[in-house]
Amino acid sequence: MHAKRKPDAESRERCVVAVDQQGEGWHSLGDGGGKRRRIIDQSIQNERLRYWGGRHEADLCMLSPAATAVAAVRATAGSPAAVRGMHARILKEGLAHHPPNPAALVSAYAKSRLLPDALHLFDETPRRDIYIYSSLLTAVSHSASPELALPILRCMLSADALHPDHFVISSVASVFARLRSRRLGRQLHAHFVASPYNGDDVVKSSLVDMYCKCGSPDDGRKVFDSMSAKNSVVWTALVSGYASNGRSEEALQLFRSMPGRNLFAWTALISGLVNTGESVGAVELFVEMRRDGVRIDDAFVLSIVIGGSADLAAFVLGRQLHGSAMRLGFLSNMIVGNALIDMYSKCSDILSAREVFEGITFRDVISWTTMVVGEAQHGRAEEALALYDRMVLAGAKPNEVTFVGLIYACSHAGLVQKGRQLFESMKNEYGITPRLQHYTCYLDLLSRSGHLLEAEELMTTMPYEPDEATWGALLSACTKYKDAEMCIRISDKLLELQPKDSSTYILLSNVYAVNGKWDSVAKVRKCMIGLDIRKEPGYSWIEAGREFRLFHAGEVPLDVREEIMVFLEEMVLEMRKRGYVPDTSSVMHDLEESEKEHHLFLHSERLAVAFGLIKSPPGSVIRVVKNLRVENALVVNSGSREDLSSGREDILLVYVVLALWTYGNAIAIHA
């Protein structure tokens, strides 16, 4: 069972910019903003590079003495050794500071992924002109450290007293888009409007892209409407901007009015919808794209749609997309392979996920990590740890997500010592600073294994403030090990946080009631009323044959009510014969025991599974998608109805796969 991933909330910026009195420049201080991975239209970057390159071709005609050296430098771009060799040759010939050699060398170093060398060359250049600034800012805008552009820009404005031209403005717009700094972007836009280049459509295209990535597609639309010539690049940027910011209706409307829609435009829209959780709409658009005969010559759109099917836990759709990838010749593509591994893992078919993984020729860290996390979430700790050993031997460096999966696997397998070792290895061997999610998994490992005092001590000493989920996990472990004193202590701390989750209040109320703290029970109830806490209705949906059904907790559809209720009663009777005792700890404590059991009896997932068992042939796989995490009271049995009545002793073989996440969960029951 897997949750819909939520956007990363770690982007930060600490840049201070003040417009100077003449309004012709600005001074920047501070370090860069945080990074958040987004879909970036590569065509926008290519257009900037073509546009930038055209100027220097014209300059070479006027600087023929250096033309040969510049051409030689450009020919070496992409090869670190060749660039450094050419730089040494130019130094010997005394042409190192002859324009435009410094700019060409900076560009070549950047294309060879030698940005530190480019920065060093820039610092050593005695007379820096607008060309070297343009080259360096372009290189930085595409690097992993876009914040480096800020001190470079300040140096250009103050130390060298140069005014940005349209090439520089375009590169700086790309930087501010990467930094997600709308404030800096608006100042740049103001400078552009006041400059002699305010009619340049390529710069406007960069501004549209910048505003969209900074969460202001409406500002981008204003720039878009002011353009005299709109090409497919700027159309695509704005469509992507609306879609990525949750404005799907505006995105679709703009997309429908776009002339000559190409694969990039379709990809941008589909990607934006998937990123904002509208995977159903994304899949429908992909189907429409296929019907329109759009040729898929790029695997990226396939990986996006496969990701959408993973978020929906749509197993049948995922298999169809797997077949499409095979027919289109993208099966060996690493991006598609990674998406398929994730999809099969989230749809509870870990064997197919492993088969895809083993078939990938060239694996990156995402390939390894996705498979490790998939194995961990399916309770296959040994397989996850063995895969990690293979990963290290293959020379792939594990990342933060890899260790989340590994510690999670240790937690559910009770491997305390191995989990400790991995937690320390992450810090000491790989230099990864543990985040709250790592501490939460590590705390879960200690709590599940009964190391309650150690877990509590870690919570008070870790560099993060424990959240509701962390305290709740520790409290659940305390109730499991029946540590009454610690239960009360942890409950009091948790109640001080004023939790937002209704299940937390149910847990608190039951803990206080079991320990006779009725004043605290009343306080919990009062908090629930005062904070207007309501339990989110649980629902599950299932595809059985050609039927799709949605079940809500406590509600049985009339047309199948009798059939499902009879089936469940038979199932519970048979389970009780085999020693099944319902765990009612997750139900409000002040209910009668029979009421608690009835509450569990009508869980939405039980209703869905019962429907699936009734409608599906024996031996088939049943997958249920939920909006809430399944409580530990759920027991699902597979087998035919005839088997139940025959009294056979080898029936009720249960394979329930529960995933970690909160949304988009899937349960697989193999008969």
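The values are calculated or read from the model by the stated rules, or taken from the named source; none is laboratory data. For clarity, every value in this text was computed on a predicted model and none was experimentally measured. Note that we place each Cβ from the backbone using ideal geometry, even for glycine, and neighbour counts take in every protein chain shown. Heads up: the accessible areas ignore ligands, DNA and RNA and are worked out on the full protein's heavy atoms, side chains in. Shrake-Rupley method; radii C 1.70, N 1.55, O 1.52, S 1.80 Å.
Placing a pseudo-label 7 Å from each Cα along the Cα-to-Cβ vector at Ile614 and Gln417 gives an inter-label distance of 5.2 nm.
A 1.4 Å probe, protein heavy atoms only, puts the accessible area of Cys441 near 20 Å².
Sorting Asp311, Asp209 by accessible area puts them as Asp311, Asp209; the probe is 1.4 Å, largest comes first, and only protein heavy atoms count. Shape analysis of region 195-354 based on the Cα gyration tensor places the equivalent ellipsoid semi-axes at 33, 15, 13 Å, largest first.
On region 425-477, 50 percent of the accessible area sits on carbon and sulfur atoms, based on a 1.4 Å probe. Over every Cα atom in region 411-566, the radius of gyration and the widest Cα-Cα span, Dmax, amount to 20.0, 61 Å.
The loop-placed trypsin sites (Lys or Arg not before Pro) in region 281-361, going by DSSP, that have at most 16 neighbouring Cβ atoms within 10 Å of their Cβ come out as Arg295. Among the trypsin sites (Lys or Arg not before Pro) in region 391-482, those located in a DSSP loop and surrounded by at most 15 other Cβ atoms within 10 Å of their own Cβ are Arg435, Lys482. Sparsely packed loop sites in region 283-388 (the GluC sites (Glu not before Pro) outside DSSP H, G, I, E and B with at most 10 other Cβ atoms within 10 Å) do not occur. Across region 354-442, Cα pairs under 8 Å and at least six residues apart give a relative contact order of 27 percent. In this Cβ point-charge picture (+1 for Lys and Arg, -1 for Asp and Glu), region 455-563 has a dipole of about 340 debye about its Cα centre. What shape does region 467-535 take by its C-alpha gyration tensor, where a ≥ b ≥ c are the square roots of the eigenvalues and a/c under 1.5 counts as rounded, a/b above b/c as prolate, and the rest as oblate? It is oblate, given that a/c is not under 1.5 and a/b is not larger than b/c. Over region 425-473, the ratio between the Cα radius of gyration and 2.2 N^0.38 Å evaluates to 1.13. Ordering Pro499, Gly472, Val521 by Cα displacement along the dipole of region 467-535 toward the positive end leaves Val521 in first place; charges were set at the Cβ atoms of Lys, Arg (+1) and Asp, Glu (-1).
Placing a pseudo-label 7 Å from each Cα along the Cα-to-Cβ vector at Ser503 and Ser79 gives an inter-label distance of 5.9 nm. When only Cα pairs below 8 angstrom with a gap of at least 6 residues are kept, region 467-535 shows a relative contact order of 29 percent. Subtracting the Cα-Cα distance of Glu496 and Val514 from 0.36 nm times their residue separation leaves 4.5 nm of extension gain. Treat region 332-478 as a sphere of radius equal to its Kirkwood radius over Cα pairs and apply Stokes-Einstein at 37 °C in a medium of 0.692 mPa s; give the translational diffusion coefficient in µm²/s, rounded to a whole number. Diffusion coefficient, whole number: 209 µm²/s.
Just the accessible area per residue of region 83-153, please: how many Å² with a 1.4 Å probe?
Details: 3030 Å² over 71 residues.
Per residue, region 83-153 has an accessible area of 43 Å².
When the Cα positions of Ser143, Ala161, Leu91 are compared along the charge dipole of region 85-173, Leu91 comes out farthest toward the positive end, with charges on each C-beta of Lys, Arg, Asp and Glu. Placing +1 on each Lys and Arg Cβ and -1 on each Asp and Glu Cβ, with no other charges, gives region 337-407 a dipole about its Cα centre of roughly 100 debye. Using C-alpha pairs under 8 Å with a sequence gap of at least 6, the mean separation divided by the residue count of region 183-315 gives a relative contact order of 17 percent. The heavy atoms of Arg576 present about 100 square angstrom of accessible area, all protein chains included, probe 1.4 Å. Dipole check for region 214-360: with +1 at the C-beta of Lys and Arg, -1 at the C-beta of Asp and Glu, and the Cα centre as origin, the magnitude is about 300 Debye.
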